[in-house]
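Have a look at the structure below, then the notes.
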Amino acid sequence: MSAETVLYMVIPCYNEQEVLPDSAEKIKNKMTALMARKKISKKSKICFVNDGSRDRTWEIIQELCRRDPIYSGICLAHNEGHQNAVLAGLMTVKPYCDAAISMDADLQDDINAVDAMLDKYDEGCNIVYGVRDNRETDTFFKRVTAEGFYRFMKLMGAEVIFNHADFRLMDRRALDAFADYTEVNLFLRGIVPMIGLRHDCVYYQRKERLAGESKYPLKKMFAFAWQGITSLSSEPIKCIVNLGLGISVISGIVLIWSLFRYFTGQTIAGWTSLIISLWLLGGLVLLAIGIIGEYVGKIYLEVKRRPRYLVEEFIDANQKQAGDMLTGSLKHSGK
Ligand code: UDP
Ligand code: MG
């Protein structure tokens, strides 16, 4: 049964010219070993998604595809970010594969975990999550912020798998279900668990980046966490309501207290309390408007229903009509 499995590895790449040749070689070795053991079909491919890189990434991918049909490549029309690049890759290869594994180009995720993922797939799992065992190779700072991120997400009501990034296997059924999640504010780690179906986890140790540098600096990480929370849960709005209620109760008490002081003739200068409450309430109101504005902004983006990515070119030896560029890009334009 498993020798029939057509597996596509989907690798998003943004300015990855330093790591790409090395990663391509390592992934290919893994794939050929799996083919030799009849774990996967010979039609299986390694599909690189060029996310509008400004360096030689796409040239390297094209060269790889020319050299060896095991490689396939998708070129996005411009930089759409990691999440959209993964989505574009998965949706483009969906018609050609039985299962797809998404994985970063820097091979920080252990390629050997693929074996265990395929075993779980053979046992009937539709989705297999790659979960990091520990974060010893990360810097202290990255570890604390990243684990804090998962905890905070949970607190805010977004169901994410602890320490699972975007290294996962999805079979055709899961990919079909996933295609119906058409939101523009994409947060894969939150959406995939919503699909349900049969799923399991595979544990591995995360390594250091092969070369090049992280495309996720602190600022982007915060933006990512914020995107995750606001696109998955309305918990912040509930917090504001509770805060508002609490403050109203306190104001009631203060009102009674000041009236009491007034009628007993103990009037105070009042400047301090006035100025403090003015600033406090002003700040809270602004914060509340800001958070609500964030959701309104998200609604604005969703109602526009803009395509989430555009495939400019798709090179793949399994494609029925080679050079079918235009229909390919229209069909897979992310709608
Ligand atoms: N990436 C992408 N588009 C972007 C930023 C990143 O496709 O706009 C890819 C990048 O090439 C890599 C993966 O997303 O394969 C994860 O990025 P990185 O390794 O820099 O993140 P980190 O592992 O440091 O969180
Ligand atoms: Mg990385």
Residue 143 - would you say it is of a type outside the set (Gly, Ala, Ser), open to solvent by 30 Å² or more (accessible area, probe 1.4 Å) and over 26 Å from residue 27 (Cβ atoms)? yes
Which residue pairs have Cβ atoms under 9 Å apart, sit 6 or more places apart or on different chains, and have a first residue in segment 245-258 that is more than 16 Å from residue 281 (Cα to Cα) and a second that is modelled with pLDDT under 75 and surrounded by 11 or more Cβ atoms within 10 Å (Cβ to Cβ)? 258/273
Can you find a residue in segment 49-56 that is closer than 28 Å to residue 312 by Cα, touching a Lys or Arg at 6+ places or on another chain (Cβ under 8 Å) and modelled with pLDDT of 90 or more? no
Residue in segment 164-177 that is nearest to residue 90 (Cα to Cα), counting only those that are open to solvent by less than 10 Å² (accessible area, probe 1.4 Å) and not in a strand (DSSP E or B): 175
So which residues in segment 89-134 are among the polar types (S, T, N, Q) and either crowded, with 23+ Cβ neighbours inside 10 Å or closer than 25 Å to residue 310 by Cβ (or both)? 92, 102
Taking the criterion of being within 17 Å of the chain's Cα centre (by Cα) and of a type outside the set (Gly, Ala, Ser), would at least one residue in segment 50-64 satisfy it? yes
Looking at (1) farther than 28 Å from residue 235 by Cα; (2) at pLDDT 75 or above; (3) surrounded by 10 or more Cβ atoms within 10 Å (Cβ to Cβ); (4) among the polar types (S, T, N, Q), find the lone condition where residue 277 falls short. (1)
Just to be sure before I move on: is residue 4 in contact (Cβ under 8 Å) with a residue 60 or more places away in the chain, among the acidic types (Asp, Glu) and within 10 Å of ligand 1 (Cβ to nearest atom) in the structure I sent? no
When you go through (1) under 30 Å from residue 307 (Cβ atoms); (2) touching a Phe, Trp or Tyr at 6+ places or on another chain (Cβ under 8 Å); (3) modelled with pLDDT under 85 one by one for residue 163, which number turns out not to apply? (1)
Residue among 119, 180 that alone is over 17 Å from the mean Cα position of the chain (by Cα) and without any contact (Cβ under 8 Å) to a residue 60 or more places away in the chain: 119
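Residue by residue, here is whether (1) without any contact (Cβ under 8 Å) to a residue 40 or more places away in the chain; (2) within 16 Å of ligand 1 (Cβ to nearest atom); (3) over 30 Å from residue 297 (Cα atoms) holds:
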residue: 153; (1), (2), (3): no, yes, no
residue: 163; (1), (2), (3): yes, yes, no
residue: 172; (1), (2), (3): no, no, yes
residue: 175; (1), (2), (3): no, no, no
residue: 187; (1), (2), (3): no, yes, no
residue: 197; (1), (2), (3): no, no, yes
residue: 206; (1), (2), (3): no, yes, yes
residue: 217; (1), (2), (3): yes, yes, no
residue: 223; (1), (2), (3): yes, yes, no
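Conditions (1) at pLDDT 90 or above; (2) within 16 Å of ligand 1 (Cβ to nearest atom); (3) under 14 Å from residue 9 (Cα atoms), marked per residue:
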residue: 80; (1), (2), (3): no, yes, no
residue: 91; (1), (2), (3): yes, yes, yes
residue: 119; (1), (2), (3): yes, no, no
residue: 122; (1), (2), (3): yes, no, no
For segment 88-95, state whether one or more residues are in contact (Cβ under 8 Å) with a residue 60 or more places away in the chain, more than 23 Å from residue 22 (Cα to Cα) and charged (D, E, K, R). yes
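The values are calculated or read from the model by the stated rules, or taken from the named source; none is laboratory data. This is a predicted model, so every value here is computed, not measured. Heads up, the Cβs are rebuilt from the backbone with ideal geometry, glycines too, and the neighbour counts pull from every protein chain shown. Remember, those area values only see protein heavy atoms, side chains included, never the ligands or the DNA or RNA. Shrake-Rupley method; radii C 1.70, N 1.55, O 1.52, S 1.80 Å.
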